[in-house]
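A.B. asks: Got a structure for you, questions after.
The values are calculated or read from the model by the stated rules, or taken from the named source; none is laboratory data. The structure displayed is predicted, hence computed values, not measured ones. Here the Cβ positions follow ideal geometry from the backbone for every residue, glycine too, while neighbour counts run over all protein chains shown.
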Amino acid sequence: MSCEGVLSHLSRLEVQARSRKTQPQQRSRVTELKAAAEQLRMQREQLRGGGGDAQGGYDAIETRQGQGLCLSLPTAYDGVFLETYNLEIDVKPTPRIVRHNIPPFIPLSDLVEQSDMQTDLRTFLDTLSQHLNAFSGRKQQLKLLKELHKSVEVMESNALCSILVMMVTVPKEKTAVLCTLDYTDHTRCLPTRVHFECNGKLLADSPDWDKIRSLLLETPVHKALSDIRTMGNIV
Amino acid sequence: MDDSARRLLQRLIRRIPAQMLKTTLEKWGRLTAAQKQSMDFTEPKWAFTERLLDICEDNGWTGKHITELEMTYVIENPNQGMWYAFQLMDPEDDARSVELTHFKEQFKSHLSELARPVSVKIKKHADDAIWIRIAWGDSFSRPNHLKPTYVVHHLQTPYVFVTSLTSKQKPFLSQALVLSTRHQAIKDASLSGRKLGAIRDLLMRQYQQVFPTSYPSPLAERNGTVSNPQIEKEQAKSAENRLQMACEAFGDGMLPQLQSSVYKLETKFKDHTNKTMTEREEPFRCVVKFASTNLLESLRHCASSGIASTPVTPLLSSIPLKGRNYFVIKDNGPGPSSQTRQTQN
């Protein structure tokens with residue numbers, strides 16, 4: 001078997017994995033560790049800041065005889081690799097993005113305006129990566145929530161996954177409570193605000209609901225709901 | 001049920017293909033199990049309509065319910081007529097936090113103020129798409145439910161997709177959208193097609209784009225099935241390059257189905273052998289249209305097979321890159337991106 005055959009085979013597998021619509025079964029320890037390593041690497045790059053190969057960690061390759069730069073922004077959440085996003089940048093005369101596959105609800109043009117791509121490309125990439133990872137994470141949580149908690153009805157969500165309204169049932173009174181999670185910080189995977197409504201009115205504070213609120217603020221929603229169910233507060 | 005509602009239902013049942021009647025009524029969800037049982041989907045449509053009208057009368061349903069049924073049908077089968085894409089510009093600071101209830105209230109209230117009388121129905125689809133049905137009236141008549149406009153929008157994205165909108169109605173819709181989504185302006189995105197999903201996927205980048213990577217191209221491997229090792233492809237390398245460039249320009253796998261691309265030329269005529277034309281002062285106006293059942297697929301094939309030269313000319317690669325299929329070409333480069341077009345009258 002020639003070297004070319006092996007490399008092509010590996011890259012074919014990678015393309016297959018990328019293009020598969022459903023997530024590949026990746027619960028193996030090795031892949032988990034790889035994803036964790038990737039996240040740590042990304043954090044390390046962020047902490048390093050400046051110097052050396054400015055595009056470290058983003059698989060930068062040159063295109064168009066050195067005129068262009070193509071970057072890869074992988075996303076991962078909880079040990080699982082998710083979507084990879086790409087950017088193609090024209091380097092001369094000033095860096096500008098010519099092509100990308102970043103969804104339109106990610107504020108790419110705002111981020112471009114706020115950073116200086118010429119002198120500090122890495123900060124721009126890190127911020128963009130933060131937004132993308134947070135989005136992927138929230139999207140993944142929503143997917144898991146729907147899979148694991150069939151008794152919870154998702155009443156509203158949006159493409160950016162920055163708002164989530166769910167209907168849960170309280171076992172004792174069999175009443176329905178509407179939980180709204182606002183993810184106003186789009187660089188985070190956890191909500192910034194949680195409130196509950198029952199029969200059109202906001203629920204009064206009580207130790208039970210305060211506990212549920214803190215769980216939802218501090219833990220990913222699909223995990224928080226599992227905990228809340230174990231506690232017996234919801235069906 | 002009044003006459004206009006009856007007429008609407010008759011028209012609607014005539015429009016829905018026989019094989020889709022059952023599923024559409026199912027999705028509508030208004031008929032009870034018993035009523036569903038009593039419907040005979042094999043009888044001729046006029047008889048079917050009569051039976052359905054009876055059920056509507058029994059239940060005291062009105063035109064409102066019929067428009068709901070129509071909306072159910074259109075949402076499931078949107079690929080009728082032409083869809084046009086618009087882009088919202090200059091978002092305000094709170095545009096990113098516009099949420100559904102707020103948008104619905106604001107849109108209905110603004111449109112009613114601008115275009116009284118008007119009948120608006122808004123429905124959120126499972127995939128975060130907001131569907132809006134608008135029946136327009138004027139100072140002399142009630143809203144005309146036989147010619148509704150349909151609008152589709154995903155919150156926190158700048159795109160709006162519209163079908164069946166006249167140029168008279170356009171300013172009202174534009175203003176209502178701009179105000180309720182907290183933007184400052186809206187422009188024509190110069191993209192149209194018969195398939196809503198296709199133009200949406202193109203703008204939202206929901207197709208497989210190909211970027212140069214540091215890995216050897218897997219495309220050639222996948223596509224070049226070697227039938228017999230004794231056969232050597234003479235120009236394998238250049239074929240591989242062409243395929244790579246074609247895929248980088250248009251994408252890999254299934255591409256959004258566009259039907260046409262139009263180039264309006266306003267350039268000076270250039271042909272040394274034809275002095276009369278070349279000497280004219282004004283630009284030579286002409287329109288070039290590429291049409292296909294799957295335009296992007298055809299163009300990709302042109303590039304990969306060598307019919308179109310590679311690297312792919314920006315005139316063609318701009319279609320997926322800029323997400324538009326209407327271009328105005330002037331001598332000093334392609335025209336401004338906000339070239340407006342005549343909408344149907």
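A.B. asks: Answer yes if at least one residue in segment A:155-169 is out of contact with any strand residue (DSSP E or B) (no Cβ under 8 Å at 6 or more places or on another chain) and among the small types (Gly, Ala, Ser), and no otherwise.
C.D. replies: Kept after step one, since they are out of contact with any strand residue (DSSP E or B) (no Cβ under 8 Å at 6 or more places or on another chain), are these residues of segment A:155-169: A:160-161.
Subset that is among the small types (Gly, Ala, Ser): none.
So far as segment A:155-169 goes, no, none of its residues is out of contact with any strand residue (DSSP E or B) (no Cβ under 8 Å at 6 or more places or on another chain) and among the small types (Gly, Ala, Ser).
A.B. asks: Somewhere in segment B:188-196, is a residue away from chain A (no Cβ under 13 Å), in contact (Cβ under 8 Å) with a residue 60 or more places away in the chain, buried (at least 21 other Cβ atoms within 10 Å of the Cβ) and more than 30 Å from residue B:291 (Cβ to Cβ)?
C.D. replies: Scanning segment B:188-196, I find no residue that is away from chain A (no Cβ under 13 Å), in contact (Cβ under 8 Å) with a residue 60 or more places away in the chain, buried (at least 21 other Cβ atoms within 10 Å of the Cβ) and more than 30 Å from residue B:291 (Cβ to Cβ), so the answer is no.
A.B. asks: In segment A:148-157, which residues are within 14 Å of chain B (Cβ to nearest Cβ) and either among the hydroxyl-bearing types (Ser, Thr, Tyr) or crowded, with 21+ Cβ neighbours inside 10 Å (or both)?
C.D. replies: Quick first cut of segment A:148-157, residues within 14 Å of chain B (Cβ to nearest Cβ) only: A:153-157.
Answer for segment A:148-157, where residues must be within 14 Å of chain B (Cβ to nearest Cβ) and either among the hydroxyl-bearing types (Ser, Thr, Tyr) or crowded, with 21+ Cβ neighbours inside 10 Å (or both): just A:157.
A.B. asks: Would you mind stating whether residue A:85 is buried (at least 20 other Cβ atoms within 10 Å of the Cβ), touching a helix residue (DSSP H, G or I) at 6+ places or on another chain (Cβ under 8 Å) and away from chain B (no Cβ under 13 Å)? Walk me through how you get there before you give the answer.
C.D. replies: Values: buried (at least 20 other Cβ atoms within 10 Å of the Cβ): yes; touching a helix residue (DSSP H, G or I) at 6+ places or on another chain (Cβ under 8 Å): yes; away from chain B (no Cβ under 13 Å): no.
Against the criterion (buried (at least 20 other Cβ atoms within 10 Å of the Cβ), touching a helix residue (DSSP H, G or I) at 6+ places or on another chain (Cβ under 8 Å) and away from chain B (no Cβ under 13 Å)), residue A:85 does not qualify.
A.B. asks: Among the candidates A:129, A:151, A:109, A:157, which residue alone is out of contact with any helix residue (DSSP H, G or I) (no Cβ under 7 Å at 6 or more places or on another chain) and either among the acidic types (Asp, Glu) or under 28 Å from residue A:80 (Cβ atoms) (or both)? Reasoning before the result, please.
C.D. replies: Details: A:129 fails: out of contact with any helix residue (DSSP H, G or I) (no Cβ under 7 Å at 6 or more places or on another chain); A:109 fails: either among the acidic types (Asp, Glu) or under 28 Å from residue A:80 (Cβ atoms) (or both); A:157 fails: out of contact with any helix residue (DSSP H, G or I) (no Cβ under 7 Å at 6 or more places or on another chain).
Within the list A:129, A:151, A:109, A:157, the selection yields A:151.
A.B. asks: Another one. Which residues, counting only those in segment B:82-138, are hydroxyl-bearing (Ser, Thr, Tyr) and under 20 Å from residue B:162 (Cα atoms)? Spell out the reasoning first.
C.D. replies: In the first step, residues of segment B:82-138 are kept if they are hydroxyl-bearing (Ser, Thr, Tyr); the result is B:84, B:97, B:101, B:109, B:112, B:119.
Of everything in segment B:82-138, those that are hydroxyl-bearing (Ser, Thr, Tyr) and under 20 Å from residue B:162 (Cα atoms) turn out to be B:84, B:109, B:112, B:119.
A.B. asks: Out of B:160, B:151, B:210, which single residue is buried (at least 20 other Cβ atoms within 10 Å of the Cβ), under 20 Å from the mean Cα position of the chain (by Cα) and within 14 Å of chain A (Cβ to nearest Cβ)? Write out each step before concluding.
C.D. replies: Working: B:151 fails: within 14 Å of chain A (Cβ to nearest Cβ); B:210 fails: under 20 Å from the mean Cα position of the chain (by Cα).
None of the other options fit; the residue is B:160.
Let's see how each residue does on (1) touching a Leu at 6+ places or on another chain (Cβ under 8 Å); (2) within 14 Å of chain A (Cβ to nearest Cβ); (3) at pLDDT 95 or above:
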{"position": "B:102", "(1), (2), (3)": "no, yes, no"}
{"position": "B:127", "(1), (2), (3)": "no, yes, no"}
{"position": "B:133", "(1), (2), (3)": "no, no, yes"}
{"position": "B:146", "(1), (2), (3)": "yes, no, no"}
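A.B. asks: Kindly evaluate residue B:29 against the criterion of being more than 30 Å from residue B:162 (Cβ to Cβ) and loosely packed, with under 13 Cβ neighbours inside 10 Å. Before you say what the answer is, go through the steps one by one.
C.D. replies: Numbers: more than 30 Å from residue B:162 (Cβ to Cβ): no; loosely packed, with under 13 Cβ neighbours inside 10 Å: yes.
No.
A.B. asks: Is it the case that some residue within segment A:144-152 is closer than 27 Å to residue B:101 by Cα, modelled with pLDDT of 85 or more, hydroxyl-bearing (Ser, Thr, Tyr) and more than 17 Å from the chain's Cα centre (by Cα)?
C.D. replies: yes
A.B. asks: Which of the following residues is surrounded by 12 or more Cβ atoms within 10 Å (Cβ to Cβ) and without any contact (Cβ under 8 Å) to a residue 24 or more places away in the chain: B:10, B:19, B:35? Working first, answer last.
C.D. replies: Working: B:10 fails: without any contact (Cβ under 8 Å) to a residue 24 or more places away in the chain; B:19 fails: surrounded by 12 or more Cβ atoms within 10 Å (Cβ to Cβ).
After applying the criteria, what remains is B:35.
A.B. asks: Quick check on segment A:198-213. Is at least one of its residues part of a strand (DSSP E or B), more than 14 Å from every other protein chain (Cβ to nearest Cβ), at pLDDT below 95 and touching a helix residue (DSSP H, G or I) at 6+ places or on another chain (Cβ under 8 Å)?
C.D. replies: Filtering segment A:198-213 for residues part of a strand (DSSP E or B) gives A:198, A:201-202.
Subset that is more than 14 Å from every other protein chain (Cβ to nearest Cβ): A:198, A:201-202.
Now restrict to residues that are at pLDDT below 95: A:198, A:201-202.
Now drop any that are not touching a helix residue (DSSP H, G or I) at 6+ places or on another chain (Cβ under 8 Å), which leaves none.
Checked against the condition, which is being part of a strand (DSSP E or B), more than 14 Å from every other protein chain (Cβ to nearest Cβ), at pLDDT below 95 and touching a helix residue (DSSP H, G or I) at 6+ places or on another chain (Cβ under 8 Å), segment A:198-213 yields no hits at all.
A.B. asks: What number of residues within segment B:227-253 are within 12 Å of residue B:303 (Cβ to Cβ) and surrounded by fewer than 17 Cβ atoms within 10 Å (Cβ to Cβ)?
C.D. replies: Kept after step one, since they are within 12 Å of residue B:303 (Cβ to Cβ), are these residues of segment B:227-253: B:239, B:241-251.
Narrowing the set further to residues that are surrounded by fewer than 17 Cβ atoms within 10 Å (Cβ to Cβ) leaves B:241.
Within segment B:227-253, residues that are within 12 Å of residue B:303 (Cβ to Cβ) and surrounded by fewer than 17 Cβ atoms within 10 Å (Cβ to Cβ) number 1.
A.B. asks: Here's a follow-up. Name the single residue that is farthest from the other protein chains (Cβ to nearest Cβ) among those in segment A:54-79 being under 23 Å from the mean Cα position of the chain (by Cα), crowded, with 19+ Cβ neighbours inside 10 Å and not small (Gly, Ala, Ser).
C.D. replies: Per the stated criteria, the residue is A:77.
Here is a yes/no grid of residues against (1) surrounded by 12 or more Cβ atoms within 10 Å (Cβ to Cβ); (2) within 24 Å of the chain's Cα centre (by Cα); (3) at pLDDT below 90; (4) closer than 28 Å to residue B:204 by Cα:
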position	(1), (2), (3), (4)
B:255	yes, yes, no, yes
B:258	yes, yes, no, yes
B:272	no, no, yes, no
B:275	no, no, yes, no
B:281	no, no, yes, no
B:295	yes, yes, no, yes
B:298	yes, yes, no, yes
B:301	yes, yes, no, yes
B:306	yes, no, no, no
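A.B. asks: Out of the residues in segment A:214-235 that are in contact with a Pro (Cβ under 8 Å, 6 or more places away or on another chain) and part of a loop (DSSP other than H, G, I, E, B), state the one that is surrounded by the fewest Cβ atoms within 10 Å (Cβ to Cβ).
C.D. replies: Result: A:232.
A.B. asks: Select from segment B:197-207 the residues that are hydrophobic (A, V, I, L, M, F, W, C) and either in contact with a helix residue (DSSP H, G or I) (Cβ under 7 Å, 6 or more places away or on another chain) or within 11 Å of chain A (Cβ to nearest Cβ) (or both) and list them in ascending order. Before the answer, list the steps.
C.D. replies: Pass one, segment B:197-207, residues hydrophobic (A, V, I, L, M, F, W, C): B:198-199, B:202-204.
The answer is B:202, B:203, B:204.
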